[in-house]
Amino acid sequence: MLNVRRKLRVRHAVRSLLLAALAAGSTACATLPLDVHHELSHAWASPETSALWREWGGALAEHPGESGFLLLPEGLEAFTTRVELADRAEHTLDVQYYMIHPDDTGKLLLARLVSAADRGVRVRLLVDDMYALRSDQDVEDLDQHPNLEIRIFNPWRWRNNKVAQGLESLIDHGRINHRMHNKLFVADNAALVLGGRNLGDEYFQLDPNLDFRDLDVFAVGPIAREASRVFDEFWNSPWAVPIGDRKDLFPAKPNLQRMRAELSAHRVDMESSPYAKAIAKSAMTRALHAGALPLVYATASIVADPPDKVESGGTHMRSSFMLARFDAKVPPPKKELLISTPYFVPSHGATKLLTAMVARGVDVRVLTNSYLANDAAVVHSGYAPYRNNLLRGGVKLYELKRRESGAEVEQRVQKLGFGSTNASLHTKAFVIDRELVFIGSLNLDPRSVLRNTEDGLIIHSRELAEQTARLLQRAMSPEASYEVQLRRPGGSRLVWITLRQGKLVRLEKEPGINWLQQLELWFMRILPLESQI
């Protein structure tokens with residue numbers, strides 16, 4: 001870490017001088033220094049003494065070396081579980097996210113964190129700067145709470161001047177281009193939620209225009225220590241900069257009190273909403289309050305990128321990257337590999353790897369987004385060129401529809417009075433031979449593999465692997481997805497097979513794409529963008 005800090009001092013000194021010279025002609029710029037003193041802190045050392053651990057202590061004692069797990073495929077239950085952890089924490093809350101939106105669910109969770117801090121819980125909140133950049137004053141005001149500390153991962157130095165920020169993005173592109181994509185919520189070093197969801201309405205079934213279909217895991221037991229170790233490594237790294245080191249914001253206790261009052265008022269307003277009523281009636285809420293969660297006990301491990309992946313430039317140290325750590329822990333599939341990845345840009349290397357598995361007799365099926373379901377067109381431009389070779393090699397491809405037509409989904413949305421059927425895949429999961437499952441933040445694209453930091457759980461459980469497989473197979477069904485096939489064996493034209501009004505149909509053109517969008521995708525394909533997607 002000392003070597004990293006020395007490199008940072010030299011690099012940031014040179015770049016700061018250059019940025020200062022370039023930005024001198026514009027308005028004054030506030031800065032957040034990168035090379036700062038960090039107060040080291042660590043996870044709660046005695047998780048076994050917490051009420052969260054004791055609630056499942058008997059079952060954990062019957063399964064030595066194992067932890068308890070529960071899949072959270074529905075946004076409502078994923079939100080409820082985070083709220084319960086925040087409300088039940090007695091000692092610590094460690095929260096790490098790429099994105100926290102200041103929308104209804106984001107505010108509700110922030111209110112819970114503040115309430116926990118008010119009752120003496122130490123709250124550490126680590127957020128990537130991609131979205132924190134827009135709200136420094138609010139973040140700094142929250143940071144004034146004596147029990148709540150906020151750090152920003154890999155921040156822009158220049159904060160309130162778009163000219164300087166643009167220049168920094170160009171001059172310091174190698175650093176700025178690396179983001180923290182991790183998602184982790186740990187209470188008392190005893191229980192956690194980990195998976196693909198950020199904190200925002202579109203992840204928890206409350207956005208009327210976008211419904212990310214995602215998957216988290218609730219876990220309790222020894223696995224929490226591994227999660228806390230990952231969090232501590234990031235929190236204590238030189239890349240996690242305390243927001244309090246920005247000296248121009250002048251936070252004050254009245255500002256914190258104002259934010260507390262605003263969050264409390266919003267929470268009261270939401271109590272009468274259809275969403276809050278759905279939470280109160282949910283099976284997850286009843287099971288949590290009754291201590292009757294149907295946990296599955298199994299051995300597991302967490303794999304994560306190191307925080308100094310930011311320093312690597314994506315060109316060296318790959319043996320320490322998450323994918324290498326995953327490969328070291330997971331045996332190659334023998335019979336079946338199911339993959340769910342919202343952003344799928346496999347590259348030539350991964351294409352060869354997947355088709356080689358098929359040649360060995362492995363059934364390889366990949367679920368990703370269709371063009372309409374994808375929230376980033378540039379990703380589709382990176383994915384589409386690989387479809388032919390994947391299909392020729394025997395890989396089966398499924399593309400989630402933007403709007404599900406299943407009557408069960410429509411009925412659920414209408415009954416609850418919230419959410420949307422505007423589905424977009426956000427689940428990142430692998431199932432290997434129905435014996436092992438991976439769930440986390442990792443997309444199968446160059447950005448996740450080489451640039452962003454990621455985390456995930458590897459769980460050795462036939463029961464959880466089977467549960468996950470059923471979820472993925474349901475999403476791959478013709479009711480929910482298009483199966484992409486070659487029009488003729490060995491050919492280059494594609495068709496999309498799906499169910500419409502109870503009948504299988506064969507679409508000769510890619511659904512939802514007009515000639516102008518095709519031109520846009522073609523233009524993006526010829527640009528040298530793939531390594532950045």
### Query
Can you spot a residue in the range 443-454 that is closer than 30 Å to residue 175 by Cβ, assigned to a helix (DSSP H, G or I), open to solvent by less than 50 Å² (accessible area, probe 1.4 Å) and among the small types (Gly, Ala, Ser)?
yes
### Message
What pairs come out if I take residues in the range 65-85 that are more than 10 Å from residue 204 (Cβ to Cβ) and pair them with residues that are of a type in the set (Phe, Trp, Tyr) and in a loop (DSSP other than H, G, I, E, B) whose C-beta lies under 7 Å away, six or more apart or interchain?
### Response
68/56
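Listed here are the residues, each with its yes/no results for (1) open to solvent by less than 20 Å² (accessible area, probe 1.4 Å); (2) among the charged types (D, E, K, R); (3) in contact with a Gly (Cβ under 9 Å, 6 or more places away or on another chain).
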{"position": "67", "(1), (2), (3)": "yes, no, yes"}
{"position": "75", "(1), (2), (3)": "yes, no, yes"}
{"position": "84", "(1), (2), (3)": "no, yes, no"}
{"position": "91", "(1), (2), (3)": "no, no, yes"}
{"position": "95", "(1), (2), (3)": "yes, no, no"}
### Task
From 213, 225, grab the single residue that is open to solvent by 10 Å² or more (accessible area, probe 1.4 Å), of a type in the set (Lys, Arg) and over 16 Å from the mean Cα position of the chain (by Cα).
225
### Task
Would you point out which residue out of 365, 360 is touching a helix residue (DSSP H, G or I) at 6+ places or on another chain (Cβ under 8 Å) and among the basic types (Lys, Arg)?
365
### Message
Residues that are without any contact (Cβ under 8 Å) to a residue 40 or more places away in the chain and not β-branched (Val, Ile, Thr), at least 3 per element: which helices (runs of 4 or more DSSP H) completely within the range 266-355 meet that?
### Response
274-281, 283-290, 322-329
### Query
If we keep just the residues of the range 331-347 that are of a type outside the set (S, T, N, Q) and farther than 15 Å from residue 449 by Cβ, which is nearest to the chain's Cα centre (by Cα)?
338
### Residues being in contact (Cβ under 8 Å) with a residue 40 or more places away in the chain and open to solvent by 10 Å² or more (accessible area, probe 1.4 Å) - total across the range 52-61
5
### Message
Name the residue that is nearest to the chain's Cα centre (by Cα), counting only residues in the range 111-145 that are modelled with pLDDT of 95 or more and open to solvent by 30 Å² or more (accessible area, probe 1.4 Å).
### Response
112
### Task
Evaluate the range 455-471: report whether one residue or more is at pLDDT 95 or above, open to solvent by 20 Å² or more (accessible area, probe 1.4 Å), closer than 24 Å to residue 349 by Cα and outside any helix (DSSP H, G or I).
no
### Query
Among all residue pairs at least 6 apart or on different chains, which show Cβ distances below 7 Å where the first residue, located in the range 485-513, is in a loop (DSSP other than H, G, I, E, B) and the second is open to solvent by 70 Å² or more (accessible area, probe 1.4 Å) and not charged (D, E, K, R)?
511/372; 512/372
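The values are calculated or read from the model by the stated rules, or taken from the named source; none is laboratory data. Everything quoted here is computed from the prediction, not taken from an experiment. Note that each Cβ is placed from the backbone with ideal geometry, even for glycine, and that neighbours are counted across all protein chains shown. Ligands, DNA and RNA are excluded from the accessible area calculation, which covers all protein heavy atoms including side chains. Shrake-Rupley method; radii C 1.70, N 1.55, O 1.52, S 1.80 Å.
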